[in-house]
Each structure stands twice: as C-alpha cells, then as structure tokens.
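Worksheet: one structure, shown below.
Rule-based calculations on the coordinates, nothing more; no lab input. All figures in this text were calculated on a predicted structure; none of them were measured in a lab. We place every Cβ from the backbone using ideal geometry, glycine too, and count neighbours over all the protein chains shown.
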Amino acid sequence: MHRLKTRPQFQAAMAGGTVSRTAHFALHRLALDASSTAMASQAAAVAPTGPGSLPHAQGPQALFVVPGVWLGAMVPKRWARRAVTRNAIKRQIYTVGATFEGRLPQAAHVVRLRSAFDRKQFLSATSDQLKQAVRAELLQLFGYATRHAGAAVAAPVPVPAPPVAEPVTTS
C-alpha cells in the first residue's frame, strides 16, 4: 500500500467522490486504472522536471505513477485538537487500511475525520476506549466501501428484453 504525501494527491483523491461515511469519518476514492497509470509513468519519465513543471498538469493519473492502492489520512486540528489524538487516529487509519488492502480496488483513498469525538466521553487522548471506538468506525467505513466496490464490479448489468411486436389485425 502506498501513502499519499503531496497536497495535489490528496486534492485529486478527494475530488474523486465520497464512497462511504460513518458518524465521524468519510472515505473518498479516485479510481485508477492500470492503462492510464502505465501511460502516466511513461509520461512522467519524459516530462520535464523543475520548479516550473507541474506533474498533475497531465491529469490526476500522473500523480499516482506506481499502480496499486494508495491511502491518505486527513485528521484536521479542528476536530482533534491534540497532536497525540491526531497521531493515534492516523495510526488506526493506516492499520485498518492495511488489513483491507487486498479487498480495496486500485485507487487513491483518503480517510477524512469529519467530526470530533466527544472529549467528555473520551478523557484521555490515547485511551483504549477512544482507540476501540475509532477502530470500530473505521472497520465499518472500509467494510461498507469494499462491499459496494465488489458489488459494483461483480453485479451484472441487466439487459432489457427486446420489445415484442404485436400482430396487426385489419377489420
């Protein structure tokens, strides 16, 4: 599993759309197909580098030159004030993401904390209760995303039956 590192990678993955939500988290996904990733890696090898060149000018696929599952974690200070809490939540995101790596499609994923955990309920920033609550929600988040990703690929598209012509009767 590769980790998202740059701002353009995070922006591109979040622009892909929301796939799954829980009370505190949202999962965003940008689908990456193998052919465009291979073309992007070839283009990146030929593309100029330096301060004036933009790797994402060729499209979001150029940001993810190595094929595979990409994962990033966004834990804003607005929703988790203490650095200890933010780091503990990020560790949980990457750990749970690694367990689901085999079931996730080849795409760039961003897990975003979208609301705060109640500080009155979770007094310590690294309490076992907080870790268990975060892990349970992340399992639910990734479980829902993998079920729907598999259903979208495995479910056949129904083909409508051709219309049957009514015989014309003349009186």
Segment residue 82-residue 132, extension gain: residue separation times 0.36 nm, minus the distance between their alpha carbons: 16.2 nm
Nearby aspartates and glutamates by direct alpha-carbon distance to residue 77 (threshold 18 angstrom, same-chain neighbours under 8 apart not counted): 118
Residue order, fewest to most surrounding Cβ atoms within 10 angstrom, among 64, 117: 117, 64
